[in-house]
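Only the coordinates and a few stated rules stand behind these numbers; no lab work does. In this text the structure is predicted, and so the values were computed from the model without any measurement. Don't worry about glycine lacking a Cβ; one is built from the backbone with ideal geometry, like all the others, and counts go over all protein chains shown.
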Amino acid sequence: MTTCQEYLDSFFLDQILHFDYDRAIGELGEEIARDVAASYDFRDEGFVPAKHGFDAVYRDQQGNIVIVEAKATEVPGPQALNKDTVQMSPQWAKARAEKMTDSHSALNGHSAANTKLGQEILHKLEAHPDQIRYVLIHTHPDGKTVDTYEKLGGEWKLVSRKE
């Protein structure tokens, strides 16, 4: 797993003149989330992230879609989710999946994989909502604590903590 210091060191080398702390911390959270997802054996489905869309989409060992949101904030866990858009709700997922199927949308990422995943998410939301998992991977900005939450029965549950 990449440490906060390693990530920031490489980021400083690339972006020294245009440093954006919030962006760097957000990217750190997403990189750590990829490492955590790999530790759960979530399979990469070729998803291309786009601004204001899902942070990641994977498939678990049972074939379920896993939608991952990565956060790296002082605000702990599910409290860090955007309440205005009801982030990580089925309605929020549906709106993003619809845009993923639109080749003219920025959320499509000009990716055939995104189009296919968007179509599958829409189908599962309608016919098999139990086959979509919502996972929040929250990294404390110091990079020392990573909490993984899953939405189970409509409630967020802490499933692991790594320090």
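Taking the beta-carbon count within 10 Å as an exposure proxy, list Arg43, Arg133, Arg161 from fewest neighbours to most.
Arg161, Arg43, Arg133
I'd like the per residue volume of the convex hull spanned by the Cα atoms of the stretch 4-162, given in cubic angstrom.
In the stretch 4-162, the Cα hull volume divided by residue count equals 121 Å³.
Using 0.36 nm times the number of residues separating His52 and Glu6, minus their current alpha carbon distance, what extension gain do you get?
Difference between extended and current length: 13.9 nm.
Suppose each label sits 7 Å from its Cα in the direction of the beta carbon; what would the Glu98-Glu163 distance come out to in nanometres?
4.4
With respect to the cross-link table entries Lys124/Lys162; Lys116/Lys144; Lys51/Lys151; Lys99/Lys157; Lys51/Lys71, which display a Cα-Cα separation exceeding 26 Å? Don't skip to the end; give the middle numbers.
Details: Lys124/Lys162 31 Å; Lys116/Lys144 36 Å; Lys51/Lys151 23 Å; Lys99/Lys157 29 Å; Lys51/Lys71 14 Å.
In this structure, Lys124/Lys162; Lys116/Lys144; Lys99/Lys157 exceed 26 Å between Cα atoms.
With θ set to phi - 60° and the Karplus curve 6.51 cos²θ - 1.76 cosθ + 1.60, what are the ³J(HN,Hα) couplings of the stretch 143-158 in order, to the nearest whole Hz, using x for Gly and Pro?
Rounded to whole hertz, the list is x, 8, 10, 10, 10, 10, 10, 10, 7, 10, x, x, 10, 7, 10, 6.
Residue by residue through the stretch 115-126, which ³J(HN,Hα) values in whole Hz follow from phi under the Karplus form 6.51 cos²θ - 1.76 cosθ + 1.60 (θ = phi - 60°), with glycine and proline marked x?
Once θ is set to phi - 60°, the couplings for the stretch 115-126 become 4, 4, 5, x, 5, 5, 4, 4, 4, 5, 4, 7 Hz.
Classify the stretch 89-144 as rounded, prolate or oblate, taking a ≥ b ≥ c as the square roots of the eigenvalues of its Cα gyration tensor: rounded when a/c is under 1.5, otherwise prolate if a/b is larger than b/c and oblate if not.
Working: a/c = 2.61, a/b = 1.39, b/c = 1.87.
Taking the square roots of the gyration eigenvalues as a ≥ b ≥ c, the stretch 89-144 is oblate.
What ³J(HN,Hα) values, in whole Hz, does the Karplus curve 6.51 cos²θ - 1.76 cosθ + 1.60 give for the stretch 34-39 when θ = phi - 60°, with x put for Gly and Pro?
Using θ = phi - 60°, the values come out as 4, 5, 5, 4, 5, 5 Hz.
Label points 7 Å out from Cα along the Cβ direction at Ala80 and Glu126: separation in nm?
Taking the two extended label points, one gets 3.4 nm.
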